[in-house]
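S.K.: Dumping the structure here so I can ask a few things about it.
The values are calculated or read from the model by the stated rules, or taken from the named source; none is laboratory data. Please read all numbers here as calculations on a predicted model, not as lab measurements. Quick reminder, even Gly has a Cβ in these numbers, built from the backbone with ideal geometry, and neighbours come from all protein chains shown. Note: areas computed on protein heavy atoms with side chains; ligands, DNA, RNA excluded. Shrake-Rupley method; radii C 1.70, N 1.55, O 1.52, S 1.80 Å.
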Amino acid sequence: MSVMLAIPPEIQPRLNQLYAQRFSVIMLLIAGLHALMLFVSLAYTPLGFMPLVLSLNVLGGVIAGALYLYPRSPKDRARYAAYLLVLPALMVVASIYLQLFIIADQILLTFCLLLMLGTAFTTHARSVFLSVLSVQAVLFVTALLLLEGTNVQLFLPALVCAGALSFWAFVERRLAMVQSLLAQARLDQTQQLLAERGQELREKVAVAEDASKMKSEFIASTSHEIKTALSGIISAMDALSATEISDEQKVLTNTAHYSAKALQRVLDDIMDTTKLEGGELEILAEPFSPAALVTIATSLRMPEARKKGLHLTSHVQKKHENINLFGDGTRLAQVLQNLLGNAIRYTETGNVAVLLEISGRGGNRTLRIAVQDTGAGMTPDEMSEIFKLKKDVSQLLYRGHAGGGLGLSISQELMNIMGGKLYAESEKGTGSVFYMEISLPLVKAVPSEKSESVDDSAQAVKKLPKTAAHILIAEDNEINRLLIRSMLATENYELEFVSDGLQALEVVSSESLIPDLILMDIQMPIMDGREATRAIRALDDMDRASVPIVALTANVDKSGFNIYAEDGIDEVVPKPIDQGQLLKTIRQVLYC
């Protein structure tokens, strides 16, 4: 009954809108009732009353038709539709009861009862329903009193039942509509809330992505500057070690060199962590030799192992030497280098061994590389911590464990991204074994004819030029310029230095002598190396536009190589600059 008395304010507009959608149908129904009464009048109404009855029904039909074509806006119709029903509904009632009083037919009393029941389904407005129902009840009772021969005892209970049923139908219909609209309102409110929360979440994600991007850019820029300084330190230590110095000076030089290399490894780990967090780490798939990967990694670590008096060995079976797999050999080498570095760093005496296993048949092979050491080993509790990023890595490292900290966490993440796994076995006091395992497609051997191109290329690299090659070096850091000059001092090259990309462009485009090669630093003031390279490649003079360009940069991942290649850079030498790699790259570009 509470619904009969009041409607929640939040759904009243919805209820009006729902009724407005059905208003035209109701008006069409009322117009049909007037048409029906018009035909009844023609059949049963005496001629004296005919004009009155016909006028009433025609007027009611016209009003209902006009409201059916109601031209006002849907918003106005929703607001007034419930009250616009009153006049046409009362005209229907008046038409029926007028016909009843004229012909005095009790069959029409039954029709009036049915009309009373139908009132409950024509409106949702409480006041309209009660008004129309009350008018019908008064007219029905009047008809019972005025018409002769009417069975009052029979029709009076029928009136009460019809009124009660109409009232009950109106309440139930109204209740069902209210509950449905309340549920729809809650659903709409929930959807709106979800949309607002979703928008807030998208805005927060966008802010977080911007912050992450800014952090990555800052770390990349800072790391480049630090690596530039490290390049000078490491190269200077290498040059100093090659001179005649005392044993004490050699110890100090080696210490400085080792510390700089350690700092370089930390920077590499930070850069990799940043790329992993940002989802920017690119994994490539290309053929590589697992046997060569193990052999090269072991040879690179050999001097470090010898300095500590450790016996470093690699074990590669003969049958595995000619197997090539399809995967990211560079990232696998990075993981292996990290495992070897940890094993050598935290093993005081004994051996470090690398074992290569390749198993499986068909199109895929399972590659497993084990790095075994005779270090202090670890307890099970310590094993559970070694692959976690630790706030204080030194707590774990300086207890003598074979590896741990940032590098292992990154290595494990790299293996996971590539579809492999990194795990370890260890026993306190006996050492540790770290395993890197991954399933990769087998590269099928393709028979090829013998060619002398490889030998010819090798001879070309060794071949010395007849005249001094003119090399233009674009480098803004004075220390790096001195180091590059020192590294190339023994070669037959004519060196020219500029401090930014704009000067390099001016030299290439204006001087009569075109450089044979450009060593281009990437990050420089005024005009950076990439912009200068694009400008050079756009020159009209093809001889000048096609000068070989080698980039000098700390950004040496695969995505960086691809970007530089798109700019027109031929080769990349990473910083800190290694003298051997620099000389090899220059010879390959100049003479191959």
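S.K.: Quick one: 3J(HN,Hα) in Hz for region 90-105, Karplus 6.51/-1.76/1.60 with θ = phi - 60°, rounded, Gly and Pro as x.
M.R.: Once θ is set to phi - 60°, the couplings for region 90-105 become 5, 5, 5, 4, 4, 4, 5, 6, 4, 5, 5, 5, 6, 9, 6, 9 Hz.
S.K.: What does the convex hull of the alpha-carbon atoms of region 485-571 project to on average, in nm²?
M.R.: Convex hull of Cα atoms, orientation-averaged projection: 5.9 nm².
S.K.: Once the Cβ-Cβ distance between residue 366 and residue 306 is put in as r, and R0 is 41 Å, what FRET efficiency do you end up with, to the nearest 0.05?
M.R.: So the FRET efficiency works out to roughly 0.80.
S.K.: Heads up, I need the accessible area for residue 204: 1.4 angstrom probe, whole protein in place, Å², nearest 10.
M.R.: 140 Å²
S.K.: Separate question: Classify region 88-133 as rounded, prolate or oblate from the Cα gyration tensor: take a ≥ b ≥ c as the square roots of its eigenvalues, call it rounded if a/c is under 1.5, otherwise prolate when a/b beats b/c and oblate if not.
M.R.: Cα axes put region 88-133 in the prolate bin.
S.K.: Multiply the residue separation of residue 357 and residue 239 by 0.36 nm, subtract the distance between their alpha-carbon atoms, and state the gained length in nm to one decimal.
M.R.: 38.5 nm
S.K.: What is the spin-label model distance, in nm, from residue 494 to residue 263 if the labels are put 7 Å beyond Cα along the C-beta direction?
M.R.: My value for the distance between the label points is 3.8 nm.
S.K.: Ranked by accessible surface with a 1.4 Å probe, highest first, in what order do 212, 166, 359 come?
M.R.: Result, largest first: 359, 212, 166.
S.K.: Determine the sum of side-chain charges near residue 442: Lys and Arg each +1, Asp and Glu each -1, restricted to other residues whose C-beta is under 13 angstrom from that of residue 442.
M.R.: +3
S.K.: Something else now. Students sometimes get this wrong: rank 435, 423, 68 by accessible area, probe 1.4 Å, all chains present, largest first.
M.R.: Descending accessible area places them as 68, 423, 435.
S.K.: Just reorder 286, 496 by solvent-accessible area, largest first, 1.4 Å probe, all chains present.
M.R.: In descending accessible area the options line up as 286, 496.
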